[in-house]
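The values are calculated or read from the model by the stated rules, or taken from the named source; none is laboratory data. None of the values given here were measured: they were computed from a predicted structure. Every residue, glycine among them, receives a Cβ derived from its backbone with ideal geometry; neighbour counts consider all protein chains shown. Note: accessible area is taken over every heavy atom of the protein model, side chains too, but ligands, DNA and RNA are not part of it. Shrake-Rupley method; radii C 1.70, N 1.55, O 1.52, S 1.80 Å.
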Amino acid sequence: MRVKDVMTHNPVYISPSASVIEAKTLMSKQNISKLPVLNNEKKLVGIITKNDLNRAGPSQATTLDMYEIGYLLSKLDVEKIMHKNVMTVDEEEVIEEAARIMVDSGIGCLPVMKGDLMVGIITASDLFKTLIELFGVRQKGVRATFLVEDVPGELAKLTKTITDLGGNIISLITWGGEDPAHKRITVKVTGITLEKMKDITKTIKGELRNISEI
């Protein structure tokens, strides 16, 4: 799955010359917490977050009244507090690489580029929605996790057994086991009973770690 398949297209953005007040108003109106900053040529020059806006305001110990605070913030441009060295991702990149960049960099979003043009934005929320789809969360079925030997043919044996029992696979995810010699397979199926799923361990080199109807 590519970034362009799950990103938010045509994201809301703001000009570097806009005021902090304008940025706050726009974020509140659109119910978002991050704004790409584009210049007059529609080139990405920065990004600003709700945390940046909060830090730009006066401390709670200030003696200024709300009108004075509002005036000062209306004179403070987005360009003064935005992040200028923006990490981005290409629209053709796979989503797991985008997730890795966000986790490793401690950031919650990435502007998505097509050459020099920003065509979208991918956020942690977009990745959570994708995770829901990958695990088939919104569909009812039997979900089981198996710990199997990491040898050729075990995954094929598992899927064939499910098919032979009349099961239809909704989702299937493989991930690391407790040691390099094993891997975990989480599968969700319809058309098969919980009891039949338990019997699958008789035909594969592995053990059933958990199973439930959800």
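For the chain, modelled as a Gaussian network with Cα springs under 10 Å, which listed residue fluctuates most, 133, 91, 41? Evaluated over the chain, the most mobile residue of the options is 41. For the stretch 170-214, applying the loop criterion from DSSP together with a ceiling of 15 other beta carbons within 10 Å to the GluC sites (Glu not before Pro) yields 178. Taking Cα centre as origin and charging only the Cβ of basic (Lys, Arg, +1) and acidic (Asp, Glu, -1) residues, the dipole magnitude of the chain rounds to 500 debye. Considering only 83, 144, 31, whose Cα is most displaced toward the positive end of the charge dipole of the chain, charges sitting on Cβ of Lys, Arg (+1) and Asp, Glu (-1)? Farthest towards the positive pole: 144.
Taking the 1.4 Å solvent-accessible surface of the chain as the whole, the part contributed by carbon and sulfur is 52%. Ordered by 1.4 Å accessible area with all protein chains kept, 150, 52 run largest first as 150, 52. For the chain, the solvent-accessible area works out to 59 Å² per residue, with a probe of 1.4 Å and every protein chain left in place. Of all the options 179, 77, 126, the one that moves most in a Gaussian network model of the chain with Cα springs shorter than 10 angstrom is 179. Put a plus charge on the Cβ of each Lys and Arg, a minus charge on the Cβ of each Asp and Glu, and nothing anywhere else: the dipole of the stretch 164-211 about its Cα centre is then about 60 debye. In plain terms, the bigger the Kirkwood radius, the slower the diffusion; for the stretch 151-214, with that radius from Cα pairs, at 25 °C and 0.890 mPa s, Stokes-Einstein puts D at 201 µm²/s.
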